[in-house]
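Notes for the one structure printed next.
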Amino acid sequence: MVKICCIGAGYVGGPTMAVIALKCPSIEVAVVDISISRITAWNSDQLPIYEPGLEEVVKQCRGRNLFFSTSVEKHISEADIIFVSVNTPTKTQGLGAGKAADLTYWESAARMIADVSKSNKIVVEKSTVPVKTAEAIEKILSHNSKGISYQILSNPEFLAEGTAIQDLLNPDRVLIGGRETPDGQKAIKALKDVYAHWVPEDRIIATNLWSAELSKLAANAFLAQRISSVNAMSALCEATGADVSEVSHAIGKDSRIGPKFLNASVGFGGSCFQKDILNLIYICECNGLPEVANYWKQVIKVNDYQKNRFVNRVVSSMFNTVSGKKIAILGFAFKKDTGDTRETPAIDVCKGLLGDKASLSIYDPQVTGDQIQREISMNKFDWDHPVHLQPMSPTSVKQVNVVWDPYEATRDAHGICILTEWDEFKTLDYQRIFNNMQKPAFVFDGRNIVNIEKLREIGFIVYSIGKPLDPWLKDMPAIA
Ligand code: NAD
Ligand code: UDX
């Protein structure tokens with residue numbers, strides 16, 4: 001029986017290994033982590049992450065050929081194939097701080113593999129890493145090899161949160177990079193055989209190591225660039241009376257552009273886009289390519305601009321101050337169908353409003369008050385370091401109140417900001433909400449999900465990203 005061990009039981013390691021276990025009953029899969037609380041949760045009825053369809057898959061395989069464990073050394077030493085799916089956050093200190101990937105967790109995993117291995121291993125980079133990381137990993141392993149042979153493969157993960165199980169069951173492609181030596185090709189074949197249990201052969205792409213590593217950064221940069229492009233257009237739409245949804249629809253009909261990933265929003269969030277583009281920028285700079293670095297920097301600058309623009313719009317619409325006003329925040333997760341709040345645009349929007357002394361009442365169906373308080377009090381880039389290593393913020397932010405009901409969040413509020421596109425926000429009783437709010441009552445839709453006409457009929461002043469402006473907003477002072 002082939003044995004797989006995955007180091008890192010997070011958003012990638014957990015779902016990916018669960019699907020491998022589901023599709024490959026002949027393979028034994030152990031997912032290990034240094035976080036005892038995470039492993040305990042994976043072994044309980046309350047999984048550590050919310051992901052549609054995940055619970056069913058885990059329940060089918062757990063205890064059969066899928067195991068979650070803190071016995072890191074034991075499972076590494078028994079495995080034939082070791083996936084490394086640890087976090088690779090942005091460095092917060094030292095050389096490259098604020099841009100470069102922090103490979104501390106990766107390096108400690110590699111050293112652990114070198115320490116405990118007694119047989120040949122295939123080591124698979126599942127984490128997103130800078131191009132050429134495999135070379136560094138090879139050095140760590142070969143210098144400590146005790147005669148053991150290691151083959152390093154790059155097999156980046158392309159799942160998106162909220163649709164992880166669907167993405168894993170039916171991937172657009174699986175990418176495997178390896179050495180162009182006979183042993184490297186043999187390792188690629190071994191990993192291909194795992195995916196071939198359910199992925200059609202023509203969707204499994206084999207490349208060299210560096211292409212695979214770089215393709216992951218490139219894919220995220222291209223995806224994020226589309227969002228910044230459409231968000232840049234949204235500002236121009238507001239200035240000219242064009243409607244960004246109509247523009248997206250029109251350009252998306254061009255088969256060379258395509259319709260997906262053209263939704264204007266308050267800004268992209270999530271644990272990957274910003275971190276991976278910063279990483280790409282750093283790599284370009286290190287390779288003497290400042291023009292290329294500056295091109296990608298602009299994607300992040302536009303994203304920051306979009307979040308600031310949203311905050312400025314809220315404040316300027318409400319007579320240039322939100323001091324002491326209650327603002328309801330609907331949605332805190334970085335997108336719908338996940339409880340993940342890493343780098344969510346809601347953090348910057350909330351911080352911006354708090355900076356203007358607003359009082360916030362926040363509702364998200366999947367995010368707890370503790371998590372929201374932690375995100376709002378945390379320093380930039382600290383978020384991607386393992387959850388268990390982060391001290392809870394000793395004091396919670398007083399002007400932030402987190403509730404479990406959207407009607408409570410909006411009661412007596414002066415304005416509502418919709419920051420996550422949860423389906424339930426489309427069908428709220430907005431008449432009831434309006435009746436219980438201060439007047440004039442504002443809705444600022446950062447996800448373009450509400451029916452603008454209907455809300456205006458009720459009496460709301462509505463702002464939607466990239467849509468023709470409400471007459472009220474046109475009369476308000478120009479925003480920065
Ligand atoms: P995560 O923080 O949810 O999970 C990482 C886990 O690794 C944590 O539970 C941590 O405790 C554990 N860990 C760290 N060092 C360890 C060690 N030495 N031994 C054992 N366990 C250790 O992160 P994630 O979101 O799953 O992301 C993992 C990697 O995958 C990152 O490189 C990320 O960029 C990449 N990625 C993420 C996504 C996504 O949607 N989240 C998608 C594609 C790729
Ligand atoms: C992303 C990539 O899509 C995935 O392939 C990679 O493996 C990890 O990073 P993820 O961050 O989970 O996945 O979600 P994604 O759907 O890409 O959304 C990222 C952010 O962009 C979210 O905040 C989302 O709301 C925003 N977004 C997405 C938009 O603002 N507009 C869009 O049209 C699409």
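A short reminder: the numbers here are calculations on the coordinates, not readings from a lab. Treat the numbers as computed from the prediction; the structure is a model and nothing was measured. Ideal geometry is used to build each Cβ from the backbone, glycine not excepted, and the neighbour counts take in all protein chains shown.
Within straight cross-link reach of Lys74, meaning Cα distance under 19 Å, which aspartates and glutamates are found once same-chain residues fewer than 8 apart are removed?
Within the straight-line cut-off, Lys74 pairs with Glu28, Asp33, Glu107, Asp115.
Once both axes come from the Cα atoms, what is the angle between helix 209-240 and the longest principal axis of the chain, in degrees from 0 to 90, rounded to 10?
Helix 209-240 and the main axis of the chain meet at about 10 degrees.
So if each residue of separation counts as 0.36 nm, and I subtract the Cα-Cα distance between Ile251 and Glu73, what length gain in nm does that give?
Between Ile251 and Glu73, full extension yields an extra 58.8 nm.
Work out, in µm²/s and without decimals, the Stokes-Einstein translational diffusion coefficient of the stretch 221-475 at 10 °C, 1.306 mPa s, Rh from Kirkwood over C-alpha pairs.
My calculation gives 84 µm²/s for D.
If one computes the Cα centroid of the stretch 421-480 and of the stretch 225-253, what distance in Å separates the two points?
19
Could you state the principal axis extents of the C-alpha atoms in the stretch 109-237, from the largest down, to the nearest angstrom?
That works out to 63, 30, 26 Å along the principal axes.
Give me the percent of DSSP beta bridges within the chain that run antiparallel, rounded to the nearest 5.
5
Which one of Phe67, Val29, Ile81 has its Cα pushed farthest toward the positive end of the charge dipole of the stretch 3-199, where Lys and Arg give +1 and Asp and Glu give -1 at the Cβ?
Of the candidates, Ile81 comes out farthest on the positive side.
Can you compute the charge dipole magnitude of the chain about its Cα centre, using +1 on each Lys and Arg Cβ and -1 on each Asp and Glu Cβ, nothing else charged? Give it in debye, rounded to the nearest 20.
440
Which FRET efficiency value, to the nearest 0.05, do you get for His143 and Asn379 by plugging their Cβ-Cβ distance into 1/(1 + (r/R0)^6) with R0 = 35 Å?
0.50
Which net charge results when you count Lys and Arg as +1 and Asp and Glu as -1 among the other residues whose beta-carbon is under 14 Å from that of Leu469?
0
Within a Cβ distance under 11 Å of His414, other residues only, what is the Lys/Arg minus Asp/Glu net charge?
+2
Which is farthest toward the positive dipole end of the chain among Ala328, Ser145, Ala100, measuring Cα position about the Cα centre, with Cβ charges +1 (Lys, Arg) and -1 (Asp, Glu)?
The one lying farthest along the dipole's positive direction is Ala100.
In terms of Cα to Cα distance under 16 Å, which aspartates and glutamates are near enough to Lys326, apart from those fewer than 8 places away along the same chain?
Correct list for Lys326: Asp356, Asp405, Glu408, Asp412.
What are the semi-axes of the equivalent ellipsoid for the chain, taken as the square roots of 5 times the Cα gyration tensor eigenvalues, largest first, in whole Å?
Working from the Cα gyration tensor, I get semi-axes of 43, 24, 21 Å.
Which value in nm describes the separation of the simple spin-label points at Thr427 and Leu236, placed 7 Å from the Cα toward the beta carbon?
3.8
Lysines within cross-link reach of Lys99: Cα-Cα under 16 Å, excluding same-chain residues under 8 positions apart?
Once the sequence-local lysines are set aside, what remains near Lys99 is Lys91, Lys275, Lys297, Lys301, Lys380.
Label-point separation (nm) for Gln166 and Ala97, each offset 7 Å from Cα along Cα-to-Cβ?
4.2
When Lys and Arg each count +1 and Asp and Glu each count -1, what net charge do the other residues less than 12 Å away from Tyr363, Cβ to Cβ, add up to?
Once all neighbours under 12 Å are counted, the net charge is -3.
Filter Lys139/Lys307; Lys139/Lys186; Lys23/Lys118; Lys216/Lys426 down to the pairs with a C-alpha to C-alpha distance above 32 Å, please.
Where the Cα-Cα span goes over 32 Å, the pairs concerned are Lys139/Lys307; Lys216/Lys426.
If each Cα of the stretch 316-375 is one equal point scatterer, what is log10 of I(q)/I(0) from the Debye formula at q = 0.20, 0.21 Å⁻¹?
-0.73, -0.79
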